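The values are calculated or read from the model by the stated rules, or taken from the named source; none is laboratory data. This structure is a prediction, so every number in the text was calculated from the model and none was measured. With ideal geometry, Cβ positions are generated from the backbone for all residues, glycine too; neighbour counts draw on all protein chains shown.
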Amino acid sequence: MILDAHTHIFPEEVCRRREDFFAADSAFRLLYASPQASLVDPPTMLAYLEEAGIEAAIICGFPWRQEKLCRRHNEVILEAARRWPQKLIGFCAVHPLEPGAPREIERCLAAGAQGVGELAWYDDDPGEDLAACLAPIAELCQHYRVPLLLHTNDPLGAPYPGKARIHLPSLYNLLKTFPPVNWILAHWGGGLPFYGLLKKEVPDTFHRVYFDTAASPYLYRPAIYRLGAEMVGPDKILFGSDYPLLPLSRYLQELEAANLPPEWQEMILGQNLAQLLDRK
């Protein structure tokens, strides 16, 4: 069983004429100005899942600054998840720094969204008090008992489009502040798994924290799979592809190179997410 914890779909009109939306959102332009940056709509995602042999995938949108674009994108996700519930698991996305973000999230969760994310601030600085910034959203996830998928990235290393400003102590404090929330930290949590080796406090803080593998072939050597599993536990790693950024095949190659125990690989590729979402 393979379940993908991190993919993205877009409304058909955005896929068809992306340039019409560049002026509306500088972060969207930053990430998708290049024609090499693929955009897919729900039917294209379904065809990919079928071809790749992926049982189901979490589908995310984009953190638009404009409320009408955000709402339109979330409606596409909600409708796709209603139409193909066995294949598409709808998460709602907002820009977490926009005042209307909690209202839009509550609307989507009441309408059937199964989680929140991917939340991101690609060209903004949320400051060092993430707990205060994200409190209304985290409280909604706690109330509705749904996971929250948060964009993270390493604060060091080479720059790349979409590399956000991340303050790891602030991120850790956010996790401590909302222990009942099931957090999914994208892109290996920006290096946070290393601290899973600490003896005190951190293992308890990480009790409901998961780390996805999205974009891993671009970011880390294959050894990250084994090392990450050893630091936080193989039950805390979720396969996420960030498709259409990268296909399943790239991750399978790296998992093979990592030489994981077969049971660890099965957990990462689907069992962990199935348990998190209580998916039979």
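One table, with the values for the structure above:
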quantity	calculated
Test for residue 224: is it β-branched (Val, Ile, Thr) and part of a helix (DSSP H, G or I)	yes
Positions within the range 190-233 being touching an Asp or Glu at 6+ places or on another chain (Cβ under 8 Å) and not hydroxyl-bearing (Ser, Thr, Tyr), in sequence order	190, 191, 214, 215, 217, 219, 222
Selection count, the range 103-122, where residues are part of a loop (DSSP other than H, G, I, E, B) and among the aliphatic types (A, V, I, L, M)	3
Residue match in the range 183-192 (condition: over 16 Å from the mean Cα position of the chain (by Cα) and over 21 Å from residue 257 (Cα atoms))	no
Residue within the range 193-203 that is β-branched (Val, Ile, Thr) and free of Cβ contacts under 8 Å to residues at least 40 places away in the same chain present	yes
Residue in the range 230-267 that is farthest from residue 54 (Cα to Cα), counting only those that are in a helix (DSSP H, G or I) and touching a Leu at 6+ places or on another chain (Cβ under 7 Å)	231
Subset tally (residues that are in a loop (DSSP other than H, G, I, E, B) and within 18 Å of the chain's Cα centre (by Cα)) for the range 76-102	6
Per-region count, the range 224-270, residues in contact with a strand residue (DSSP E or B) (Cβ under 9 Å, 6 or more places away or on another chain), of a type in the set (Gly, Ala, Ser) and farther than 26 Å from residue 205 by Cβ	1
Neighbours by Cβ (under 8 Å, 6+ apart or cross-chain): first from the range 146-174, closer than 19 Å to residue 236 by Cα; second assigned to a strand (DSSP E or B) and among the acidic types (Asp, Glu)	149/118; 149/212; 150/118; 151/118
Residue within the range 248-265 that is among the hydroxyl-bearing types (Ser, Thr, Tyr), in contact (Cβ under 8 Å) with a residue 40 or more places away in the chain and buried (at least 17 other Cβ atoms within 10 Å of the Cβ) present	no
Search result, residues across the range 144-173 that are of a type in the set (Gly, Ala, Ser) and farther than 18 Å from residue 94 by Cβ	157, 158, 170
Every residue from the range 89-100 that is aliphatic (A, V, I, L, M) and surrounded by fewer than 23 Cβ atoms within 10 Å (Cβ to Cβ)	97
Among the candidates 278, 212, residue that is of a type in the set (Asp, Glu), surrounded by fewer than 22 Cβ atoms within 10 Å (Cβ to Cβ) and either over 18 Å from residue 168 (Cβ atoms) or in contact (Cβ under 8 Å) with a residue 12 or more places away in the chain (or both)	278
Residue satisfying all of: in the range 175-193; modelled with pLDDT of 95 or more and surrounded by fewer than 21 Cβ atoms within 10 Å (Cβ to Cβ); nearest to residue 137 (Cα to Cα) among these	178
The range 1-28: number of residues that are in a helix (DSSP H, G or I), more than 18 Å from the chain's Cα centre (by Cα) and of a type outside the set (S, T, N, Q)	9
Those residues of the range 126-152 which are surrounded by fewer than 22 Cβ atoms within 10 Å (Cβ to Cβ) and polar (S, T, N, Q), in sequence order	142
Selected residue (only one of 46, 31, 69, 39 is touching a residue at least 60 places away in the same chain (Cβ under 8 Å) and part of a helix (DSSP H, G or I))	31
